[in-house]
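Inspection log for the structure reproduced underneath, given as structure tokens.
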């Protein structure tokens, strides 16, 4: 392995013109819901969920035993996730620790790592420039895993350090470890190459990690391109819910995990666990578990201090979600076996377990199909009024809680995108169960300027099956029972279509820079 | 006073009138002329009536009918004379030339009639000589109008009076004798001859006086408004007659006959005032006194005639036309008023024509005639409707003509500006179109009255005080709607469309109200989509076609909510006053108005207490709310004793006092309400709110679509929480929950019609969903159109599907009974609250509750009428079964059975 070491110098190039959305002020601020609201949903929602389960779990409800069993598992999973969501979001204010008094910092040196693999220079340049302009004593390093002279020239032109690896073992984690071994500052910041930091990034985060037991301070991962295309917008909806009430709540439980970018570490914390783990595709998640096991604390700073690009197209989103799902699901056994305190372990399990949600969608979609094709139904003949009486309050509260705690950020588009990509979770689960090793795939930046039906093929296939079944069912009879199941199918088809539709529309190009230097990092979902 | 030809073509009041004494003289002379000519006109009217009455006695019925047909044709021939006469009165210039033209034209028409007389005689079943007499009258018709008009223009009032009196005198003297001798032919010839005699007297024998008149007329310069005046008065003649033609074309024989009575008697008022504008034309605009006299005289005649018609309409009609036309008596005063207004319109038109504002007059008259035609097209299915059309048209015409053109233009501009301030021009057009469609849709009702409506009609026929007393003791509603129907019934009778008119109007006005609300809350597109939805929303259409208070209640509540939003957002006295008035009206219409009032107060508090509101704004809202609420309290205070008495009465009934149980849950079977509050009841109300009432099967299938509601919930995710939506949701959810809670105590309270005011709010919310989900105008239009189509489909099913449990075809069921029932036959009905509806649809038939079956004569043919879906289905079925069994045991047998939606009829006879 050879290393090229270019000491950072003062930036020489003028700042980029403000055409890049990452340079705009973010119009979003993460917040936890008010205590009263959060408590209301936590208490009333939990009661509603328990009442529903109480109704569902009675022996007289058992219809087809297998389907009933499936439904119960799915509902237990969802109720658990929902209740945990309510409790976590309520914890955001209830359990919030008094912030550690920020210690006076006399401008400690911070190594700022910007790992790149094959991203276009136009995406990376604003990040380097902004990083170099941060207040404090940043020593910015461009960590080039792609061995591109273009990157070396870029670093030189911006006046930042440049570290190159000849091989890319361990992907991003290996790249950072490689840099860790060659730098010395007591604090290390990691920025994805598309995340442009705010001038106060270090000034705001470093005081949090000055405390000797704090391993890292994580900040939100803001998608600056959310207004530019529907996939990024929907993905941002999901992100906003996580980095809003959930992350604040997790922080209250001391279980906020590192998200791989926009984060500042203590070097000694990283070194105490041997740096970033390279065997996981979600090295950040795995690292967080190790650090917490080792007694380190994490801090979440609910302030947007860097803006980056979310997935610009469906392939990018699928690629990202596959990586996250595989990484988090593969970490499940590790979390179960870990020596984390109970509360933290539950929080980590909930985060990982979320990536099983796709299975619940599959089960929900299957029920009306099986009912129409075979007549089998999970719940024994009960009046719809009975079901609705117990289900609707729970469902309504779950939606209301999402709407209220998410402050409108989590919308139908976010939900339908998740629903339409149910298969990502299923595929990731199967891959993890088969022990198939994952491969780190860089989330594509820039997006494709063409339709991507292949990225939503499973959703389209689902729609075809659902519609075919509905037609078949209606052709046989038009009884209220059939109509009810067809209505369920219509519901699923609508949500599937809403989620898949952005892939079937020709996207608008994001920016001239991105288009000019577009890299065809099409996600190969299968390979991932 | 003398009149001389003026250089501007009109006739100028003489200079001698300039002094006070001369002015007094002129006033006196003008009054004498007006009264003298009018007196002659009235004398002529009475004379013609006497001739008709004598002829009716002298001639055989068939011959009298022939004479009637001849007289119709005679009147038709003289229709243009009204216009010609008015034109000549304004400006008699070029008299001889006009005589020539009219003479030639009249001869041509006469020749045509004579040539076509064999065909006409066969077609109208008249003797050939009668048709020829009509043809002979043709040359004189136009000339008579011209001569009378020119006499008015040249001041020959005595000759006019003489000519007017000569015609009936001639008819009476010659006509009666000729009728005795020659029958209808003689009478017709005499009428024609009397016309010529009148022409001769009016124009004068060739001599000095006639020459003077001719000389004056020939030297006068034609007034520029003469043609316009001719057209205007011709149009007034059309306005006076076209309702009769529509009645003949659209009504059945009986109804057309009834309207003919109204028209004949009411037309006397127009006849009585016909000469007043003609006498005014030469003087109008130059003598204020003459103007005032003409207007005052016409108004006094119209008002007096209307008062007489109100006070003694029925005996008057009975005297004139005999018994059997009682139904025509109700709209008679309104028609007399309409004819009075028509007379007034003519005077006002004469004034404006003489003042040179003829273009304005022609436009206004044409618009009035067109409006009349349009209204006749919409309402001309019953005599009352035709009367409303005529009254509306004549009142509008008179109002427009009363204003100077500049004022009309100014007001039109102000209205336009106000409308444009309220909405863009294209929206005004669209909302007007939606409103017109809504009115049409609501007017076209295919169902007869049901029980509650019949109760309303029954109450409306009581004297006002007695009606209020009955409402106090037996009813549970405030009196505004009942009072409205009471007044309408007095004016227009109790036809279905009349008693439903307040609901129809309220339902149509809900369209602009929904637009205003949607626009105020979200913007014009949402307003338009909301207006479209309200136009065809089945539930709203249903109650806009019901003679109950729900449509008014919904309108007042919607207006109150709109005003409240404006008051909170912008303030302003108008908004607060509108809120207070609409809220008070809401409470005067329905006691359940306290629920939206409660929601409104909650909204005021929420708006005032919201975070970040400047203190001054908070104070403004709170102060406004307190003052407006106080105003509502004052406005509603008189209602409190009434309400307390109703409450007492209700408690007494609940306590076991024997009264007839009022049906409250018609058609509720599919809702599950009958079994108590349940999810189904909630679902049924939700379906009714959006898609209206449908068969049980359809309701079950629709209820099975509940999973799609989850989509609504998901779709609402992340939509944000605008204040407008929060206010809407509060105003929908709070009342709904309160009614739901009330339903757990008294189950039938959770019934959508009691909180129907949430429906427009829901539709505004739906409209907002459309405009939010589909931001582009084109996709918005497509989505809104598809949603409206869905509503139209639901509307059609609701209106036409006989399986709709809310449809009660008492009209159909009782039509057959009424057609067959004899004087000794009996209707037995069950349950006993069907009494009012049976009385409405079978007014002449002896009807009794089924419990009184033992008092029925054994030989009487009996019909048992029952409805089963109102209240206590099982008990009703049991009582009907028992009654049928008893009647059969008594020797009767069932000989016929009829089943129409929700009503069954058994016919039994020995």
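Nothing in this text is a laboratory measurement; each read-out follows from the coordinates by a stated rule. Just so it is clear, the structure is predicted and the values come from calculations on it, not from any experiment. Methodologically, a virtual Cβ is constructed for each residue, glycine included, from the backbone with ideal geometry; neighbour enumeration extends over all protein chains shown.
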Expected integer from the mean partner chain Cβ neighbour count at 10 Å over A:471-483 is 2
Mean projected area (nm²) from the convex hull of Cα positions in region B:762-910 is 11.3 nm²
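For A:364, A:300, what's the fewest-to-most ordering of other Cβ within 10 Å of each Cβ?
On the way: A:364 19, A:300 27.
In order of increasing Cβ crowding within 10 Å: A:364, A:300.
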Descending packing, highest mean Cβ count within 10 Å first, for B:437-448, B:125-136, A:57-68 is B:125-136, B:437-448, A:57-68
The answer for the per residue Cα convex hull volume of region A:299-437, in Å³, is 195 Å³
In Å, the C-alpha Rg and Dmax of the protein assembly as shown are 43.9, 140
Over its alpha-carbon atoms, chain A yields an Rg and a Dmax in Å of 23.9, 78
In Å, the Kirkwood estimate of hydrodynamic radius for region B:228-295 over Cα pairs equals 13.9 Å
The value for region B:39-168 (convex hull of the alpha-carbon atoms, volume per residue, Å³) is 91 Å³
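Please give the length that would be gained between residue B:820 and residue B:474 if that part of the chain were fully extended, namely 0.36 nm times their separation in residues minus their C-alpha to C-alpha distance (nm, one decimal).
121.2 nm
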Here, region A:186-316 modelled as identical Cα point scatterers in vacuum has Debye log10 I(q)/I(0) at q = 0.15, 0.17 Å⁻¹ of -0.69, -0.88
Cα-only Rg/Rh for region A:106-210 with Kirkwood Rh rounds to 0.95
For region B:118-172, the Debye formula with one identical point scatterer on each Cα and no solvent gives log10 I(q)/I(0) at q = 0.15 Å⁻¹ as -0.59
Check: C-alpha center region A:211-262 vs C-alpha center region B:31-88, spacing in Å is 95 Å
Neighbour-count ranking for B:336, B:745, A:73 (other C-beta within 10 angstrom, fewest to most) reads B:745, A:73, B:336
Ordered by fewest other Cβ atoms within 10 Å, a rough proxy for footprinting exposure, B:779, A:219, B:876 read B:779, B:876, A:219
Using alpha carbon positions and the Kirkwood radius, the Rg to Rh ratio of chain B is 1.04
In degrees rounded to 10, the 0-90 angle between helix A:457-476 Cα long axis and the longest Cα principal axis of chain A is 10 degrees
The convex hull of the Cα atoms of region B:443-487, divided by residue count, gives a volume in Å³ per residue of 81 Å³
Shielding of A:488-494 by other chains, given as the mean Cβ count within 10 Å, works out to 3
Helix B:425-443: inclination vs chain B longest Cα principal axis, degrees, rounded to 10, gives 80 degrees
Helix B:777-800 sits off the longest principal axis of the Cα atoms of chain B, rounded to the nearest 10 on a 0 to 90 degree scale, by 90 degrees
Placing one equal point scatterer on each C-alpha of region B:671-784 and summing with Debye, one gets log10 I(q)/I(0) at q = 0.17, 0.24 Å⁻¹ equal to -0.95, -1.43
Using alpha carbon centers only, region B:716-746 is separated from region B:415-491 by a whole-angstrom value of 28 Å
Once normalised by the length of chain A, the mean sequence separation of its alpha carbon contacts under 8 Å that are 6 or more apart gives a contact order in percent of 20 percent
Using eta = 1.002 mPa s and T = 20 °C, Stokes-Einstein with Kirkwood Rh from Cα pairs puts D for region B:309-436, in µm² s⁻¹, at 128 µm²/s
Mean projected area, convex hull of alpha-carbon positions in region A:189-241, reported to one decimal in nm², is 4.6 nm²
Over all viewing directions the Cα convex hull of region B:416-558 casts an average projected area in nm² of 9.2 nm²
Rounded to whole angstrom, the alpha-carbon centroid of region A:467-497 lies from that of region A:391-407 at a distance of 26 Å
Rounded to whole angstroms and listed largest first, the alpha-carbon spread of region B:94-137 along its three principal axes comes to 41, 12, 11
